[in-house]
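The values are calculated or read from the model by the stated rules, or taken from the named source; none is laboratory data. Treat the numbers as computed from the prediction; the structure is a model and nothing was measured. Don't worry about glycine lacking a Cβ; one is built from the backbone with ideal geometry, like all the others, and counts go over all protein chains shown.
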Amino acid sequence: MRRPLFLHIPLSERILFAKHLSIMVKTGMTLLGSLMLIKKQMRSKSFIYVLEKIIADVEGGQFLSQSLKKFERLFSSIFVNVIKIGETSGTLSDNLAYLSLELQKKRVLRQKVRSALIYPSVILLATLGVTGILAFFVMPRITPIFLTLKVTLPWTTRSLIATSSFLFEYGIYVLLGVTALTSVWFLLLRFFTQFRFFTHRLILATPFIGSVSRMANLAEFTRTLGLLLKSGTKIVEAIQITADSMRNLVYREALMEASETIKRGELLHVYLSKREDLFFSTASRMIEVGDATGTLEINLFYLADFYENEVDETTKIMSSVLEPAMLLIMGIIVGFVAVSIITPIYEITQTLR
């Protein structure tokens, strides 16, 4: 099969791959036979291409983790390392099951955050759409009528005409400017690490959004670290892999620093307690208890569930507040336009009487 132009494997397909492979290996199927069967079930051209390469490597005597390492960008370092440890410890099926379960929980968390933002985004787009229609189609037809009438227009009508005239004449330049700034912003995010770091820090400092971002990052950190420790990864390596998997560069830098302090003999909870701007005191205390009682992985999964529930509840509250607020703003805009158009017409009819 020819290599697809853009190789991409969605998280949902990686979860299914781990789940199906775990079941097949557990039932006694050979690894090679399992991979071939999964390949027949896949519809994604990218995944089929990758599986063909993996099958060829496994047939040639390579470990599954060695082959997956070549596609680490598509699968993530966590995926590769959990499978690698499963191969060396003889717990491949169990590790794949843990992997699919924990990745599914991470996927659900992301979906909850995204779904909470959908409705406010739709209302915002609708508001912009209504404003655009009024500015470009309705007002240019009504404005000449108002201007020919020798009456003093109310300030609402004058401001609406001025805004409409500005957008009608310079709207294309405003749109091009916004598009250019947005494009530059995304290019800077993609290619300049320092700018991305600054943006991530700015998100964490933003009221409400920053709180949700911290909880989401803590959920990802604790779940990933718990999964790696449960699969048998050593603590320093587990933290380094977790750091690499973090999307937020501020957390990535902090966890890399944590791994260095642990190498020097400091305990994880001690470092976390010094960084309560990123790691809430609840996290450091639960990890301290886990270290003392030998239940670190259990406590990490408990923390992950706790923060995921907090994110879910907070996003629901934010959504319930944002929805009426956005509707109110939309109503104010539409009401302002309606009053601006109706008021002068009403005044004219009154003078005609």
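A few remarks follow.
- Flag if Ser77 is touching an Asp or Glu at 6+ places or on another chain (Cβ under 6 Å), hydroxyl-bearing (Ser, Thr, Tyr) and either closer than 15 Å to Leu228 by Cβ or in the same structural domain as Thr30 (by TED's automatic domain parsing) (or both): yes
- From the options Ile133, Ile78, Ile145, residue that is of a type in the set (Val, Ile, Thr) and under 20 Å from Asn217 (Cα atoms): Ile78
- Every residue from the range 319-340 that is crowded, with 18+ Cβ neighbours inside 10 Å and out of contact with any helix residue (DSSP H, G or I) (no Cβ under 6 Å at 6 or more places or on another chain): none
- Test: residue in the range 340-349 that is small (Gly, Ala, Ser), farther than 30 Å from Pro154 by Cβ and assigned to a helix (DSSP H, G or I): no
- Enumeration of residues in the range 24-54 that are touching a residue at least 12 places away in the same chain (Cβ under 8 Å) and β-branched (Val, Ile, Thr): Val25, Ile38, Ile48, Val50, Ile54
- Some residue of the range 262-285 being under 21 Å from Lys105 (Cα atoms) and without any contact (Cβ under 8 Å) to a residue 24 or more places away in the chain: no
- Taking the criterion of being more than 29 Å from Gly90 (Cβ to Cβ) and in a helix (DSSP H, G or I), the residues of the range 1-47 that qualify are Lys45, Ser46.
- Only residues that are part of a helix (DSSP H, G or I), over 17 Å from Lys105 (Cα atoms) and of a type in the set (Phe, Trp, Tyr) were counted in the range 185-233, giving 6.
- Qualifying residue in the range 181-196 (condition: closer than 30 Å to Thr282 by Cβ and either of a type in the set (A, V, I, L, M) or within 38 Å of the chain's Cα centre (by Cα) (or both)): yes
- Looking across the range 107-136, the residues that are over 13 Å from Lys316 (Cβ atoms) and of a type in the set (S, T, N, Q) come down to Gln111, Ser121, Thr127, Thr131.
- Considering the range 253-295, the residues that are aliphatic (A, V, I, L, M) and over 27 Å from the mean Cα position of the chain (by Cα) include one that is surrounded by the fewest Cβ atoms within 10 Å (Cβ to Cβ), namely Ala292.
- When Ile317, Ile287, Ile298, Ile332 are checked against the criterion of being part of a helix (DSSP H, G or I), under 23 Å from Ser164 (Cβ atoms) and in the same structural domain as Val270 (by TED's automatic domain parsing), Ile332 stands alone in meeting it.
- Single unsatisfied condition, Val58 versus (1) in contact with a helix residue (DSSP H, G or I) (Cβ under 6 Å, 6 or more places away or on another chain); (2) closer than 16 Å to Ser22 by Cα; (3) not charged (D, E, K, R): (2)
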